[in-house]
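Each value in this text was obtained by applying a stated rule to the coordinates, not by laboratory testing. Quick caveat, the model's predicted, so the values are computed rather than measured. Ideal geometry is used to build each Cβ from the backbone, glycine not excepted, and the neighbour counts take in all protein chains shown.
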Amino acid sequence: MDIFNALLGEELGAFGPVLLVGFLAIGLIMAAVMIFLNQKSDPLDKLKEGSRAEQLSAKKGKAASLRTAKSNDKLEKYSTFLEPQNEKEYSAVRQKLLQAGYRSKDAVRFYHFAQFALGLGGLALGVLYFLLVLSGKEPTTQQTLMWILGPGCAGYMIPKYWVTKRQQKRQEEITEGFPDALDMMLVCVEAGQSLDQSIIRVSKEIRPSYPALADEFEIVSHQVKAGKDKSTVLADMGERCGVPDVSSFVTVLVQSATFGTSIAEALRVYAGEMRDKRVMRAEEKANKLPTQMTLATMALTVPPLLIILVAPSAIGILDLGK
């Protein structure tokens, strides 16, 4: 054992045994993953999965339909490894990806595959960087863990960060364009068009400015043409957008259709409220601007002012000292 430690100490430094244990752990993890991915499935398990898929397809619900509707891609045989087996967790990730604009049936699978691949890639890059650059400098244990595990953790979190930022950007775009879309829809309805025709026309008109909102209206029109219930279609739109204004708009339309009131009148009232909310958001941003500029103003104006005021006195004091 002493000879083994001496050889590792000469080649890798004081952390030679720790690095060896880390490499062995990574190798065992990779071997276990490859064995798990390449193992042959039991015929009885295939029969159980087939019967389970038939039972899930018979049930109503969005989560069940998403899980059973799979395409024939290269990652399908690894779906049990790349997809959450908990239905609530799967539905939450699926809804987040829908709100970010990823509507593919395999979006959840690709999302977890990206996390897994980038995490392992970052871990490998961290190990290589440590061996090539920092191994001869005798780094501390904290530095070793930071440079080896840090890139892996960063690679694992990159897909989540990307999806979250895309979701926020898309929701902001829908919020900004929704009042204009309601005004156009109100004009179309008052001109004599039906609600379905108005949605199609609005989706075409607002696409250059607000493509995300245009896509949502286009999906609604296609689903209504396919024969799906209009209230269900509108509720799905509210879930896909994840914007409170759209959810309130869906509630207004459903209540208008349920109680038999005029859709044009409901649109007129709600469009006016959306315009007022947009003005209030603009005023809120304008009121926050002076507070946000205070720190930058002080940082850019106070030091030059002090230099102008204090520099002559400091130069005079130095001259008197000489």
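Can you name the residue in the range 92-120 that is assigned to a loop (DSSP other than H, G, I, E, B) and among the small types (Gly, Ala, Ser) and is also surrounded by the most Cβ atoms within 10 Å (Cβ to Cβ) among such residues?
Here the answer is ALA100.
Answer yes or no: is there a residue in the range 235-250 that is surrounded by fewer than 18 Cβ atoms within 10 Å (Cβ to Cβ), touching a helix residue (DSSP H, G or I) at 6+ places or on another chain (Cβ under 9 Å), of a type in the set (A, V, I, L, M) and within 30 Å of VAL163 (Cβ to Cβ).
The answer is yes; a qualifying residue exists.
Is it the case that some residue within the range 170-191 is outside any helix (DSSP H, G or I) and without any contact (Cβ under 8 Å) to a residue 12 or more places away in the chain?
yes
Mind listing just one residue for me: the one in the range 245-290 that is under 16 Å from MET184 (Cβ atoms) and of a type in the set (Lys, Arg) and, of those, nearest to the chain's Cα centre (by Cα)?
ARG278
Could you grab me the full set of residues in the range 208-236 that are of a type in the set (S, T, N, Q) and free of Cβ contacts under 8 Å to residues at least 12 places away in the same chain?
Once the filter is applied, which keeps residues that are of a type in the set (S, T, N, Q) and free of Cβ contacts under 8 Å to residues at least 12 places away in the same chain, the range 208-236 yields only THR232.
Which pairs have Cβ atoms under 6 Å, sit 6 or more apart or on different chains, and link a residue in the range 270-289 that is within 17 Å of LEU182 (Cα to Cα) and touching a residue at least 60 places away in the same chain (Cβ under 8 Å) to one that is of a type in the set (Val, Ile, Thr) and surrounded by 10 or more Cβ atoms within 10 Å (Cβ to Cβ)?
Once the first residue is within 17 Å of LEU182 (Cα to Cα) and touching a residue at least 60 places away in the same chain (Cβ under 8 Å) and sits in the range 270-289, its partners that are of a type in the set (Val, Ile, Thr) and surrounded by 10 or more Cβ atoms within 10 Å (Cβ to Cβ) give TYR270/VAL252.
Looking at this structure, is ARG278 assigned to a helix (DSSP H, G or I) and touching a Pro at 6+ places or on another chain (Cβ under 6 Å)?
Taking the combined requirement at face value, the residue satisfies it.
Report the residue count in the range 126-140 for those that are at negative phi and surrounded by fewer than 16 Cβ atoms within 10 Å (Cβ to Cβ).
8
Does MET298 satisfy being surrounded by 10 or more Cβ atoms within 10 Å (Cβ to Cβ) and free of Cβ contacts under 8 Å to residues at least 24 places away in the same chain?
Yes; evaluated as a whole, the condition is true for this residue.
Identify all residues within the range 206-234 that are buried (at least 18 other Cβ atoms within 10 Å of the Cβ) and either of a type in the set (Ser, Thr, Tyr) or assigned to a loop (DSSP other than H, G, I, E, B) (or both); write none if there are none.
Result: ILE206, TYR210, SER221.
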